[in-house]
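First the structure, in the form of structure tokens, and then the observations on it.
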Amino acid sequence: MTIAIHTRGLVKTFGRVRALDGLDLTVEPGEVHGFLGPNGSGKSTTIRVLLGLLRASGGSAMVLGLDPWRDAVAIHRRLAYVPGDVSLWPNLSGGETIDLLTSLRGGADPGLRARLLSDFELDPTTRGRAYSKGNRQKVALVAAFARRAELYLFDEPTSGLDPVMEEVFRREVERVRGEGATVLLSSHILSEVEQLCEKVTIVRAGKAVESGSLSELRHLTRTSFHVATGATPAELAALPGVHDVHREADRLAFDVDTDAIGPVLTALTAAGVSAMTVAPPSLEELFLRHYGDRVES
Amino acid sequence: MAVLGQQLRRDRVVLSIWIVAIAVLLAGSAAAVSSEFTGAAARAAVLQLGLATPSLLALRGIPNGDSAGSLLWFQVFAFLAVAGGLMNTFFATRHGRADEEQGRRELLAAGAIGRLAPLVATAMLGLLANLVLGVLSALGFLVAGYDGTGALVAATGLTSCGLAFLGVGMLAGELAATSRSANSIGVVAVLLAYALRGAGDALGTPHFEKLTLTPSWPSWLSPIGWAQQSFAFTENRVGPALLPLALAALAGGIAFAVHARRDLGASLLPERSGPAHAGVGLRSMLGLAARLARGALIAWAVGGVLLGALIGTLTNAVAGVAASNPQITQVLKAFAPNRQDTVGLLIGAIMLMTGMMAAAAGIQAVLRVRGDETDGRAEPLLALAVSRARWLGSALAVGLAAVAVVLVLAGIAAFAGLAASGRLSDSWRAVEQALAELPAAFTIVAAAAVLIAIVPRASILLAWLVFAAAIVIGLFGPLLTLPTGVLDTSPFSHVPSVPFTDWGPTVVLLVVDAALVALALVLVRRRELSS
Ligand SMILES: Nc1ncnc2c1ncn2[C@@H]1O[C@H](COP(=O)(O)OP(=O)(O)O)[C@@H](O)[C@H]1O
Ligand SMILES: [Mg+2]
């Protein structure tokens, strides 16, 4: 099977801005691939180049074995795309927009369409101008999922959705994964990518800085603990994989490498714990630690 | 009172522009009426023509004798009342439904003010604005040299009409769910008031010896129609000038009553919902382009039909007047230089205008894709199995079709009008002339598509500039006696007049059109999406 997405040294400049600066991205068929990076790192630009909406200034890109600029229409027959910021025609109803967008890809599966509308709790008779941001996003998601595709491109698809709808979205991604489709999902939230993707590429300032399976990237992430415990700071600091131990009021605060969480929990239990909060690793922290970047979330 | 101050601060620029613009329009047209038509005989001639022509009565208003004031009242009052009416309905929406929609009301309502306070502030600020407009109007008439009593009565009529539409606008804000539909209701109300009195005046009984008219009943359904009956500058009746205030009180009162009883954000008329499925017509790029152009195209087509019908109604009147007034023939000749007879001149002049209107309809349909592109709606479309050429091509096809629809309907309306007045040979000429405008209008529309393909960011501005240049050169070039080199740049300069003797220019225009279409479709393939 051909590689679903393959770019080498992809460059895209807008005047003096270098939005993509030699980006390498490989997505194998059948995988759900997270495309992770802070705002402005070039995720949307990459996706637009992959769709042939923008022309690369340098480097190479292949989508489903074809050149996205030259063979855009042939590629588009086989993929579905949901942009990051969906805008709709103010006078068309959501249902009309869904039918328009799916017909231009070959037509929706009527049963699937009806089920998606009810799962996403979307009223298809509302006019475009009356939808909230989240509902506009749902219109685009229903249109994307209502007909099978080989490749799905999602640009920050859950940014306007509430947690219940995020769950519906995850279920649909699992479904299309089960059907053998490939998914590229951009996000600036680490936990979202962790829940869905087996492979991740981290992009920073237009370059891929890390790429691999989630477990390969575990070394990058640390979990923060705030614990009220009988253990002393010195005891904790002596454990392998524990960093930055310090006191915050009556708690001890420290970070733990992902693969060291088990032993640390055992040690804490032995010493006694009366209160504990654990925060998952965030992209912001990861960037701060590894690249010295301060990124606003 | 804090609310009033806040509303005034927020709206000072927009409101001032409206008031000053209307006052300038008023003073300018008042001065023009007195300088263009000097002497009772000249005025009487124009008013005779007006009274004999229902379509002119519908457009303008009611004269009353051969004084300058009578002509002024006939020419400008209805227009000024419409401008003032629109100012008021838009104003009411800005401070009513739009505030609520954008959540500004929520901030206010959460503070320690009564639920009616914003409405009271809107009414007071609106009253103030209309009084200022009234004073400026009176001054405008005085400056233009009209008498003081007439100026006062006329200004009173304008102010009370304005207040009537302020009330209507506030009521629209209570009825409609969105500021968009509130504005639509307001605009429809103003145009309806204008149209009702237009119909009543057109169907009225003219009194040629007294140079006045008794309107028929539809005029009495319109606040503009009431104020017209004050006959400022001649009879100066104050009662009818004040009558619109009753409508202001009624509509405003209902608005207050509704507002006091409803929840924030609620409305009497719910937002209309749409179909859950797309019809087959909407499931293609061509269908989408047609659907998006539909609303505006209907308006353009109505305009085309009215212009076409105007030929029929004007023909008899103009033929009579032109026989005695060489000046009018001169003006018509400039619009359609190759014509000998007045009817032919009239057909040429009006079909030229219709062609330009058709071009505007087409440009609007094509430029819509650029709006889709900047607003981000083109992106999901072009990520489907849709090439850029098909994307632009569908809009261009609909744009060209829009041109044809407007011109063909205008031709049919002209045919019907002329045939009804027994001029069958002229009616065929009108149809042919309408069709002869097609290639020229196509050129402007295809040029807009080329601009979208090569200079997307500047395309909207440039397309309308091209259109404006073609109009100015095509309409006024001959009057201004511009050099032929300049005249030739407008496609409308190459439209032949029926009966055709030389098909050459038409064929050349069609070749140019085809080349522009091909150019647009080829060049758009080469460019990126650009926001
Ligand atoms: N059309 C454009 N013109 C100019 N600069 C752009 C354009 N699109 C994106 N950029 C710039 O390219 C960079 C990457 O943007 P983008 O791909 O949207 O990032 P992300 O999607 O990761 O937030 C940003 O610095 C952005 O300002
Ligand atoms: Mg983005």
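The values are calculated or read from the model by the stated rules, or taken from the named source; none is laboratory data. Since this is a predicted model, take the numbers as computed values, not measurements. Counting neighbours? That spans all protein chains shown, and the Cβs are built from the backbone with ideal geometry, glycine included. All accessible areas refer to the heavy atoms of the entire protein, side chains included, with ligands and DNA or RNA removed. Shrake-Rupley method; radii C 1.70, N 1.55, O 1.52, S 1.80 Å.
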As an exercise: evaluate B:Thr122 against (1) crowded, with 23+ Cβ neighbours inside 10 Å; (2) within 22 Å of B:Ile62 (Cβ to Cβ) and give the number of the one condition it does not meet. (2)
Somewhere in the stretch A:73-82, is a residue within 16 Å of ligand 2 (Cβ to nearest atom) and out of contact with any Pro (no Cβ under 9 Å at 6 or more places or on another chain)? no
Six or more apart or on different chains, Cβ under 6 Å: which pairs go from a residue in the stretch A:149-169 that's within 16 Å of ligand 1 (Cβ to nearest atom) and modelled with pLDDT under 95 to one that's open to solvent by 10 Å² or more (accessible area, probe 1.4 Å) and of a type in the set (Ser, Thr, Tyr)? Could you list them? none
Which of the residues belonging to the stretch B:425-450 are open to solvent by 20 Å² or more (accessible area, probe 1.4 Å) and either in a loop (DSSP other than H, G, I, E, B) or of a type in the set (A, V, I, L, M, F, W, C) (or both)? B:Trp428, B:Val431, B:Leu435, B:Leu438, B:Phe442, B:Ala447
Which members of the stretch B:254-302 meet the condition of being assigned to a helix (DSSP H, G or I), more than 14 Å from chain A (Cβ to nearest Cβ) and touching a residue at least 60 places away in the same chain (Cβ under 8 Å)? B:Ile254, B:Ala255, B:Phe256, B:Val258, B:His259, B:Ala260, B:Trp300, B:Ala301
Taking the stretch A:192-237, which residues are among the polar types (S, T, N, Q) and within 27 Å of A:Gly9 (Cα to Cα)? A:Thr201, A:Ser211, A:Ser213, A:Ser215, A:Thr221
What helices (runs of 4 or more DSSP H), lying completely within the stretch A:84-200, carry at least 3 residues that are of a type in the set (D, E, K, R)? A:110-119, A:133-145, A:163-178
Please find, among A:Leu79, A:Leu10, A:Leu64, A:Leu23, the residue that is within 23 Å of the chain's Cα centre (by Cα), of a type outside the set (S, T, N, Q) and within 11 Å of chain B (Cβ to nearest Cβ). A:Leu79
Residue list for the stretch B:386-408, restricted to those being open to solvent by 10 Å² or more (accessible area, probe 1.4 Å) and not in a helix (DSSP H, G or I): B:Ser387
Residue, nearest to A:Leu161 (Cα to Cα), within the stretch A:74-94, restricted to residues that are in contact with an Asp or Glu (Cβ under 7 Å, 6 or more places away or on another chain) and within 16 Å of ligand 1 (Cβ to nearest atom): A:Gly84
Output the qualifying pairs, or none if there are none: Cβ atoms under 8 angstrom, residues six or more apart or on different chains, first residue in the stretch A:32-50 and within 14 Å of chain B (Cβ to nearest Cβ), second residue more than 10 Å from ligand 2 (Cβ to nearest atom) and part of a helix (DSSP H, G or I). A:Arg48/B:Glu379
If B:Ala83 passes every condition in (1) at pLDDT 90 or above; (2) closer than 30 Å to B:Ile185 by Cα; (3) buried (at least 21 other Cβ atoms within 10 Å of the Cβ); (4) among the aliphatic types (A, V, I, L, M) but one, which one does it miss? (3)
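Matching residues to (1) assigned to a loop (DSSP other than H, G, I, E, B); (2) open to solvent by 30 Å² or more (accessible area, probe 1.4 Å); (3) of a type outside the set (D, E, K, R); (4) not assigned by TED's automatic domain parsing to the domain that holds B:Gly239:
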position	(1), (2), (3), (4)
B:Val135	no, yes, yes, no
B:Gly145	yes, yes, yes, no
B:Gly150	no, no, yes, no
B:Thr156	no, yes, yes, no
B:Cys161	no, no, yes, no
B:Met170	no, no, yes, no
B:Leu192	no, yes, yes, no
B:Arg197	no, no, no, no
B:Gly200	no, no, yes, no
For the stretch A:1-45, how many residues are more than 7 Å from ligand 1 (Cβ to nearest atom), among the β-branched types (Val, Ile, Thr) and within 14 Å of A:Pro68 (Cβ to Cβ)? 5
For A:Ala181, state whether it is open to solvent by less than 60 Å² (accessible area, probe 1.4 Å) and without any contact (Cβ under 8 Å) to a residue 60 or more places away in the chain. no
